[in-house]
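So the structure is just underneath, and the comments pick up after that.
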Amino acid sequence: MRLFAGTSKQFLEDTVQNQIAEKLKLAFFGYFRHNPSPSELNSWRNSLRAVSIVFQHANLVDQGILLEYQLPMTSKRLDCLICGRDANGKDNAVIIELKQWDRCEEAPGKNEVISWVGGRRELLHPSVQVRQYRRYLKDTHTAFYEEPNPVILNACAYLHNYSLYSEDILFSEKFADALSSSPLFTADDVKKLSGYLTTRLERGSGVDVLKRIEESKYRPSKKLMDHVGNVIRGIPEYILLDEQQIVYDSVFSCAKSGFHDKQKTVIIIKAVQEQENQL
């Protein structure tokens, strides 16, 4: 399921004409039989306008675009996936996680930060979040793992309202691995993000790559089956998404810092209950 599939040229035109959010709203109603929330609609307007400016700056007019693309067997949706060919003619796709954040603080969990989204909340670091999406899609979608020429899947996050400050927690050593595999771009990084996308998509032909992705099957790869086998053997490597990862980290953090502390036990129970309500 996706709410929009088309060319980058069409996406840019719809954005300029202030039509893209309405198109997503209509498609959303068609799938779910109710309208998206006002906050989600507003998020589409703001974030997609911001990313469209990057596409224009990078002159990405012959690429394919998927918006609100649902990950197989989950309720999670990718904000944006743009696809095309690199300078060597290889098929590429880039997941872009879009955030309207403007500040954040350190959180105790190893993958989380604290931000203000509908109130003060502990959330996955955007690079961790989009890295997990990439891993999940590579393990479940044949277009991204079947030989001989799988689509090369990349991932990044774009915080288009965010201005860096000195010693910003988003770029701390704690998140070095996630940032290396799934870079994060902020409001001042239009040129950097343009370069990142251009390197992977400059040859265009996005419609062909888009068609390949849409027509491919959802089927667990051998790698995914290896993950499941390892979990059964007690090796915790199955991919957790969003709230699943947050509650895992919350429980682990609380347990590590004071398993026999009654107050911390209460915190653990509440964390599990809160996350169960969101799943």
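Phe29 contributes about 80 Å² of solvent-accessible surface, heavy atoms of the protein only, 1.4 Å probe.
Taking amide H positions as modeled 1.01 Å from N, with prolines and chain starts lacking one, the residues under 5 Å from Phe185 and 5 or more places away or on another chain are Ala157, Tyr158, Leu159. Calculated accessible area for the range 140-179 comes out at 47 Å² per residue, all protein chains present (probe 1.4 Å; ligands, DNA, RNA ignored). Peptides 147-156, 37-46, ordered by how many other C-beta atoms sit within 10 Å of their residues on average, highest first, read 147-156, 37-46.
Rounded to the nearest Hz, the phi-derived 3J(HN,Hα) couplings of the range 33-46 under the Karplus curve 6.51 cos²θ - 1.76 cosθ + 1.60 (θ = phi - 60°) are 6, 8, 7, x, 5, x, 5, 5, 4, 5, 4, 4, 4, 6, where x marks glycine and proline. For the range 172-192 versus the range 1-45, the spacing of their alpha-carbon centroids is 27 Å. Residues whose amide H falls under 5 Å from that of Arg77, counting only those 5 or more places apart or on a different chain, are Leu71, with hydrogens built in the peptide plane.
Filter Lys174/Lys211; Lys23/Lys110; Lys23/Lys211; Lys138/Lys192 down to the pairs with a C-alpha to C-alpha distance above 28 Å, please. Intermediate values should be presented prior to the final figure.
Working: Lys174/Lys211 38 Å; Lys23/Lys110 38 Å; Lys23/Lys211 20 Å; Lys138/Lys192 25 Å.
The answer is Lys174/Lys211; Lys23/Lys110.
At a 1.4 Å probe radius, which order do Asp14, Asp91, Asp102 fall into by accessible area, largest first?
Numbers: Asp14 5, Asp91 25, Asp102 100 Å².
Ranking Asp14, Asp91, Asp102 by accessible area, largest first, yields Asp102, Asp91, Asp14.
Using a 1.4 Å probe over the heavy atoms of the protein chains, calculate the carbon and sulfur portion of the accessible area of the range 110-167 as a whole percent. Summing carbon and sulfur atoms, their accessible area is 44 percent of the total for the range 110-167.
One Cα centroid belongs to the range 113-128, the other to the range 67-97; the line between them spans 23 Å. Taken about its Cα centre, the range 31-85 carries a charge dipole of roughly 80 debye when the Cβ of each Lys and Arg holds +1 and the Cβ of each Asp and Glu holds -1.
In debye to the nearest 20, how big a dipole does the range 1-121 give about its Cα centre with +1 on each Lys and Arg Cβ and -1 on each Asp and Glu Cβ?
On the way: 16 positive and 14 negative charges, 56 e Å.
Computed about the Cα centre, the dipole is about 260 debye.
Order these peptides, 196-202, 167-173, by their mean beta-carbon neighbour count within 10 angstrom, highest first. Please list the in-between numbers first.
Details: 196-202: 20.4, 167-173: 13.4.
Highest to lowest by the protection proxy: 196-202, 167-173.
The values are calculated or read from the model by the stated rules, or taken from the named source; none is laboratory data. Predicted model, so just to flag it, every value in this text is computed and none were measured. Here the Cβ is made from the backbone with ideal geometry for all residues, glycine too, and neighbour counts use every protein chain on show. Side chains included, ligands, DNA and RNA excluded: accessible areas come from the protein's heavy atoms. Shrake-Rupley method; radii C 1.70, N 1.55, O 1.52, S 1.80 Å.
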